[in-house]
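Working notes, beginning with the structure itself.
The values are calculated or read from the model by the stated rules, or taken from the named source; none is laboratory data. Note that this is a predicted model, so its numbers are computed, not measured. Heads up, the Cβs are rebuilt from the backbone with ideal geometry, glycines too, and the neighbour counts pull from every protein chain shown. These accessible areas exclude ligands, DNA and RNA; they are computed on the full protein's heavy atoms, side chains included. Shrake-Rupley method; radii C 1.70, N 1.55, O 1.52, S 1.80 Å.
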Amino acid sequence: MSEHKLRIDKWLWAARFFKTRSLAKTAIEGGKVQLDGQRIKVSKEITVGDRLLIRQGWDLREVIVDALSDQRRGAPEARQLYTETEASVARRESETEARKAAGGMIERPLHRPTKKQRRQIHRFKELPGDE
């Protein structure tokens, strides 16, 4: 664990929210990470007790910074750097259940097309005059 302040991109990487610091930087610049409800810059220094909103794909996590580290370690150690709020956990679980329930409504093919069916699909997609 480290000093009293640390750059947000380093902390997000060390806490394993993003695989690289570059991805963390892109997410911050895109407004996917907020500090106390405000957009921040990549160089923003965070301290213990800060409240972060982190959007990753479908999920929105609200976490409180418990410790600072600029070294990326294993997942169990990284999990000790933050605490996710109870409301955030409940919201993510309910949204996940809703997505799973809605996913059953989408019809998916039972198998891949055969070679003959692929040729038919390609012929159908070809525009007249394309040669």
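Within region 107-130, residues that are surrounded by 10 or more Cβ atoms within 10 Å (Cβ to Cβ) sit with their Cβ atoms under 9 Å from residues that are in a helix (DSSP H, G or I) and at pLDDT 80 or above, at 6+ positions apart or across chains, in these pairs: Pro113/Gln120; Pro113/Ile121. Region 39-107 holds strands (runs of 3 or more DSSP E) entirely within its bounds, and those carrying 1 or more residues that are at pLDDT below 95, within 16 Å of the chain's Cα centre (by Cα) and polar (S, T, N, Q) map to 51-56.
So which residues in region 5-16 are open to solvent by 50 Å² or more (accessible area, probe 1.4 Å) and either within 14 Å of Glu45 (Cα to Cα) or not charged (D, E, K, R) (or both), if there are any at all?
Lys5, Arg7, Lys10, Trp13
Could you list all residues from region 17-60 that are open to solvent by 40 Å² or more (accessible area, probe 1.4 Å) and within 23 Å of Ser94 (Cα to Cα)?
Across region 17-60, the qualifying residues are Lys32, Gln34, Gly37, Arg51, Leu53, Arg55, Gln56, Gly57, Trp58, Leu60.
Listed by first and then second residue, the pairs with beta-carbon distance under 6 Å, at least 6 apart or on different chains, first residue in region 7-35 and on the phi < 0 side of the Ramachandran plot and touching a residue at least 40 places away in the same chain (Cβ under 8 Å), second assigned to a helix (DSSP H, G or I) and surrounded by fewer than 19 Cβ atoms within 10 Å (Cβ to Cβ), are Trp13/Arg21; Ala15/Ala78.
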